[in-house]
Each structure stands twice: as structure tokens, then as C-alpha cells.
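Input: a single structure, listed below in C-alpha cells.
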Amino acid sequence: MTKKTRRKLDGALKAKIALEAVRGDVTVTDLAQRHEVHPNQIYAWKKQLQEQAARAFDMTVEQDAERAAQKRIDELHAKIGQLTMERDFLAARSGR
């Protein structure tokens, strides 16, 4: 028995399928059969598209995310600096 490998769909195809589902021209069942995916997966992509559609037009969300990421990077750099100083101090104290 050979095991089926999982198909990996790219984001563009998922978006296309989700948009077709949102339009409602074709039933989700027909879309699932045409693209050979489970209907529940299409419902999940449709929900994700509807929940995150506002992000496409709201630049503040993206800027907030970038600020949060930069803050986290700065915190990590500070922690690296602290740990480096502690290591150097302890190495000097131990006689290395």
C-alpha cells in the first residue's frame, strides 16, 4: 500500500477558491470537487478571508505589527547584551 502524500496549495490558489466561495456563484461542494479539496477546508479559507479582509485596507494594522516586531527584536538584543556581559564577567572571575 502506498501512502498518499499531502498536496500543498499556494496562497494564491487558496485565495482564488475562497473568493469563489464568497461570491456564491458556485456551491462549496462543487468547488471542493473541482479543486479536489475538502469542503470544510474551503469554509475555513472563506472564514479566514472574511476575517482578515480589513487588513488589506488598514495600514495601521501593518504598522502596529511592525512596531511590535521591532520592539521584540530590541528586547532580544538587550537580553543578548546582558547575557554576554554576564558571561564575560563570570569568565574573568573564574580566571579564564
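The values are calculated or read from the model by the stated rules, or taken from the named source; none is laboratory data. What you see is a predicted model; the values in this text were computed from it and never measured. Counting neighbours? That spans all protein chains shown, and the Cβs are built from the backbone with ideal geometry, glycine included. Note: accessible area is taken over every heavy atom of the protein model, side chains too, but ligands, DNA and RNA are not part of it. Shrake-Rupley method; radii C 1.70, N 1.55, O 1.52, S 1.80 Å.
When the residues of the range 42-60 are filtered to those that are more than 17 Å from the chain's Cα centre (by Cα) and open to solvent by less than 100 Å² (accessible area, probe 1.4 Å), the one that is modelled with the highest pLDDT is 42.
Residues are listed down the side, and each one gets a yes or a no for (1) modelled with pLDDT under 90; (2) exposed (fewer than 10 other Cβ atoms within 10 Å of the Cβ); (3) in a helix (DSSP H, G or I):
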site	(1), (2), (3)
26	no, no, no
29	no, no, yes
34	no, no, yes
62	yes, no, yes
72	no, no, yes
76	no, no, yes
87	no, no, yes
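Pairs meeting the criteria (first residue in the range 51-65 and farther than 15 Å from residue 18 by Cβ, second residue modelled with pLDDT of 75 or more, beta carbons under 6 Å, at least 6 apart or on different chains) are 61/55.
Kindly establish whether residue 14 is open to solvent by 50 Å² or more (accessible area, probe 1.4 Å) and touching a helix residue (DSSP H, G or I) at 6+ places or on another chain (Cβ under 6 Å). Yes.
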